[in-house]
Amino acid sequence: MKNYTFLIKPFFFIFSLIFSTWLVLAIEKIRPSDFGQIKTLFEKEIKQPKISKTDKQYLKDLFSQYKLGSIDSATFDKRLESFVISIQSPLIIKK
Amino acid sequence: MENSLNASQESDKALDRLIPEASNDSKLIIETKEVRSLDDSINLETNSPTISPTVQKDESSTNAETEEIFQLRGEDVKNTLSGVYFQGVQYFDLKNVNFINNTGIANLIDLLKSLLEQGVVIKFVNVKDKIKTKFKSLGLDSIFHFS
Amino acid sequence: MSKQFYFDKFEDRKPYSAITDNKYRTWMFQFFGIVTIVLGIAYLNWRWRYSLNPDALWFAIPLVLAETLSYVSTILVVFNFWSYKDPKKSPPVHYLSEIEDLQGRRDRPVKIDIFIATYNEDVELVRQSIIDAKKIIYPFSDVQIKIYVLDDGRRDGRDPAKENMKKVAEEEGVNYKIREHNKGYKAGNLKNALEHTTGDLFAILDADTRAFPSFLVNTTGYFRRDKVAWVQTPQWFYDTSEAEPLSSVINRNLKIENKNLIRLVDSVFGRIKINEDIFGNDPRLFYDVILRKRNFYNAAFCCGAGSIHRRDAIMNLAVKDFADGIKRLEEDLLNKHAASNIIEDQKKDLVLKQEIIPFKFHASEDIYTSIMLHADKENRWESIQHPDIECKMLSTQDLDSWVKQHQRYAAGSLDIAFKDNPVFKNGLTLGQKISYFTTIWSYFAPFWILIFLLSPVAFFFSLALPVQAYSFDFFKYFLPFQIMNTITIMLGCWGISTKRGDQYYISSFWFMLMALLTVLRGKEVKFNVTPKGKHFAKNTQHILPHIIIISLTLIGMLYNAILLYLGKHPTASGFAANAFWCIFNIVALSVMIRAAYWKPLETDSVDGN
């Protein structure tokens, strides 16, 4: 019997692997991890897009231009979209 | 550094033994004796009775050491080979040497070095082709001189 | 009354018998090995391309890199363990003609020398080795066997403060050789011995190597193959620490004296045994598997003690090296001065400076010399790893010596890797190159082990995950690969417990890293004579990194447990997964801490000093 004691370790290891896998998957089911929103040491908090004064001015101008009819709805849409993209952080785009 | 010092002392002794003309050390008994293959590192043809000078250590030195000294690398080579010293060149006759193994070559290198230190050049004569080839294959042909 | 040593009580220990080769097991290993390699590719492909967490690349990339490097080791192990190929055993040799071509010489019985190299070991310990060497039997009485004590400590009685080694040699009736300097350490000592002896074969024993009577009978037969340059026998340490019931360790350390309490502890922990071979000194895995399987590639290297050599092979190397050395120096000169007459003048100095060096003057002289012999294209020397134990020796008994010994092995091998890498060595076969590369590669392990050890800590404090999700996908790739890997190793090391080996593989990371740095900094690797005795210093400096990592891990776990309790932990499953790895890490790291404070059982130990 003693000759086969060497088998204990590998089998224990394999058992642990399977058990921990099951455990992790079971926990995931009960309480899913919020991947992607984890606060890390390096990213203290998720940055809210900041809107500066010039941005606000740009928006105001855009709306007034549309109201006045100097640009059509298609151009307005396009500009608005590119503006939104330009101020968004990459984190939010992914979501 | 230490090593080379040591070697030079040894080679002093070696030279004395090797060149009977230059030596008048009373401790050395020079005798001629039929040479059997003393060591296989350099094998002499056994059939032909070769005469060569054999140097043995005096009995007065410790007896237990005699055999060991005899085994010293280099020693037996000098004892086994017949050589002539002439104008700064030590000639060795390898006429009867049919075989040399790597230990034997190492012995010859030691011999060469110990004599070179004294400013004596070694030349081998009557070297068999087989042995020349062996030296060549080891890349030693530029260090040893055959004629 | 002979002197008593701590290992006297182990005198009766019997060596293990070599693993019996089984072709079905070998096939199984090869099958599982290939499956592991393929699954590994699939796993790493998925890891690199799909799994990396883009929000924590600082963490994800090092980890996946470490996994990849570790995977390279896996491939190398499968290659190395591919198959046994034990050489055919033959009866011991009698005449010179049986081991080499006489080329017209007269035949004679072979001559065998046995060298016992010593430096500062207790002379009474060496005496035991001499006595055992004298007991070596040989079936032919006309075969001359001479024993030489090669004392590099110059203990010939000149220094009254030192023990007298010469006297012991004389008392035992064996030859005694010294030299006046220590140039080249052990290799230099052997060089000196080879200059003063004439044996066709010679055996190298260390001061503590106790040969069995069958030592020569079982090994000289291999030299019938005239290409065999050396035979290495396994090194077996007969003094590794004994297994101790956990209960007695607890009772001792907690100083429990209450009888009922002792009985209680006994009944709970009495069946669990710990501290067996606490230093992981048992080299069985190395000799019975790693090195023995290298016979398959003719790549088993020499490990010094317990080896038998063909003198002509080693001398051939020495002479060639001598000639090459002069040629190199000559070329250097030629590059400097164009005139050839200057070279002729200086040639004398070149020749005088150059030395005949049989074993390379190097901290790892045995492995380096092995590489050189294997790489000899003209002779194609063969090496043999003999499967059976033919001698026993002592292991290091305290952590400090242990670390120093292994650091020397590591630094020596790495030094070869940086200066004369066998991978680029002309003359080695592919199998030999890969085998030597495996040895070198294993010394780079601290890089990835360090990352594996630190990644749970990184997780606990940053709460960032290196993978995007603990999805079924992850386990679909990870689990089969790991399981197959474990089964492959189990089959490859069949019969040998790899528990301690694995633990030391991990816990060695620090001193191996230090060895690596020593070599990278270009410091000369010193040849430290491994102390064979006991020095119970507290070896805190060697285990400080272990204590730090374990503490950080435990603090991290505690912090995460609190977060979990407060419901603020973003990934409970991540905590579970990391905690699992941590337990394995901590167990592995703790072995070295235990070793640092380990002492033999006091009850029956005899003071060796």
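The values are calculated or read from the model by the stated rules, or taken from the named source; none is laboratory data. What you are looking at is a predicted structure, and each value in this text was computed from that prediction instead of being measured. All Cβ positions, even for glycine, are placed from backbone atoms using ideal geometry, and neighbour counts span all protein chains on display.
Below, the figures for the structure above:
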{"quantity": "One residue from C:Thr571, C:Thr530 being modelled with pLDDT under 90, within 14 Å of chain A (Cβ to nearest Cβ) and surrounded by 14 or more Cβ atoms within 10 Å (Cβ to Cβ)", "calculated": "C:Thr571"}
{"quantity": "Which numbered condition C:Ile548 fails, given (1) within 12 Å of chain A (Cβ to nearest Cβ); (2) part of a helix (DSSP H, G or I); (3) farther than 29 Å from A:Ile18 by Cβ", "calculated": "(1)"}
{"quantity": "Flag for C:Asp332 being of a type in the set (Asp, Glu) and at pLDDT 90 or above", "calculated": "no"}
{"quantity": "The listed residue being touching a residue at least 24 places away in the same chain (Cβ under 8 Å) and touching a Leu at 6+ places or on another chain (Cβ under 7 Å), out of C:Phe81, C:Phe29, C:Phe10, C:Phe59", "calculated": "C:Phe29"}
{"quantity": "Residues satisfying the stated conditions in the stretch C:1-55, i.e. among the aromatic types (Phe, Trp, Tyr), assigned to a helix (DSSP H, G or I) and within 30 Å of C:Lys392 (Cα to Cα)", "calculated": "C:Tyr6, C:Phe7, C:Phe10"}
{"quantity": "Selection count, the stretch C:268-281, where residues are outside any loop (DSSP other than H, G, I, E, B) and modelled with pLDDT of 80 or more", "calculated": "0"}
{"quantity": "C:Met165, sole failed condition from (1) in contact (Cβ under 8 Å) with a residue 60 or more places away in the chain; (2) surrounded by 24 or more Cβ atoms within 10 Å (Cβ to Cβ)", "calculated": "(1)"}
{"quantity": "Hits in the stretch B:101-128 - residues which are of a type in the set (D, E, K, R), under 18 Å from C:Leu350 (Cβ atoms) and assigned to a loop (DSSP other than H, G, I, E, B)", "calculated": "B:Glu117"}
{"quantity": "Check on C:Lys425, touching a Phe, Trp or Tyr at 6+ places or on another chain (Cβ under 9 Å) and closer than 30 Å to B:Ser137 by Cβ", "calculated": "yes"}
{"quantity": "Complete set of residues in the stretch C:582-609 that are modelled with pLDDT under 90 and either more than 24 Å from the chain's Cα centre (by Cα) or facing chain A (nearest Cβ under 9 Å) (or both)", "calculated": "C:Leu601, C:Glu602, C:Thr603, C:Asp604, C:Ser605, C:Val606, C:Asp607, C:Gly608, C:Asn609"}
{"quantity": "Subset tally (residues that are surrounded by 17 or more Cβ atoms within 10 Å (Cβ to Cβ) and either farther than 18 Å from B:Gly139 by Cβ or modelled with pLDDT of 75 or more (or both)) for the stretch C:335-373", "calculated": "22"}
{"quantity": "C:Glu365 vs. criteria closer than 22 Å to C:Tyr287 by Cβ and touching a residue at least 12 places away in the same chain (Cβ under 8 Å)", "calculated": "yes"}
{"quantity": "Residue, farthest from the other protein chains (Cβ to nearest Cβ), within the stretch B:118-147, restricted to residues that are small (Gly, Ala, Ser) and farther than 22 Å from C:Arg328 by Cα", "calculated": "B:Ser147"}
{"quantity": "Residue ranges of helices (runs of 4 or more DSSP H) in the stretch C:457-521 with at least 2 members within 11 Å of another protein chain (Cβ to nearest Cβ) and touching a residue at least 40 places away in the same chain (Cβ under 8 Å)", "calculated": "C:472-492, C:499-507"}
{"quantity": "Whichever residue in the stretch C:194-205 is touching an Asp or Glu at 6+ places or on another chain (Cβ under 8 Å) and not in a loop (DSSP other than H, G, I, E, B) and, among such residues, is farthest from the other protein chains (Cβ to nearest Cβ)", "calculated": "C:Ala203"}
{"quantity": "Criterion: of a type outside the set (Val, Ile, Thr), without any contact (Cβ under 8 Å) to a residue 60 or more places away in the chain and surrounded by fewer than 18 Cβ atoms within 10 Å (Cβ to Cβ) - qualifying residue of C:Tyr50, C:Tyr24, C:Tyr71", "calculated": "C:Tyr24"}
{"quantity": "Which listed residue is out of contact with any His (no Cβ under 8 Å at 6 or more places or on another chain) and surrounded by fewer than 20 Cβ atoms within 10 Å (Cβ to Cβ), from C:Asp151, C:Asp159", "calculated": "C:Asp159"}
{"quantity": "Residue satisfying condition, being closer than 30 Å to C:Asn316 by Cα, at pLDDT below 95 and not polar (S, T, N, Q), within set C:Tyr222, C:Tyr185, C:Tyr238", "calculated": "C:Tyr185"}
{"quantity": "Filter pass, C:Gln432 being part of a helix (DSSP H, G or I), closer than 30 Å to C:Trp581 by Cα and either more than 14 Å from chain A (Cβ to nearest Cβ) or under 15 Å from the mean Cα position of the chain (by Cα) (or both)", "calculated": "no"}
{"quantity": "Helices (runs of 4 or more DSSP H) (entirely within the stretch C:305-398) containing at least 3 residues that are facing chain B (nearest Cβ under 8 Å) and closer than 29 Å to B:Ile100 by Cα", "calculated": "C:311-336, C:340-353"}
{"quantity": "Subset of the stretch C:74-102 (residues that are under 30 Å from C:Lys433 (Cβ atoms), in contact with a strand residue (DSSP E or B) (Cβ under 9 Å, 6 or more places away or on another chain) and within 14 Å of chain B (Cβ to nearest Cβ))", "calculated": "C:Ile99, C:Glu100"}
{"quantity": "Test set (1) more than 24 Å from C:Leu414 (Cβ to Cβ); (2) within 14 Å of chain B (Cβ to nearest Cβ) - C:Asn258 fails condition number", "calculated": "(2)"}
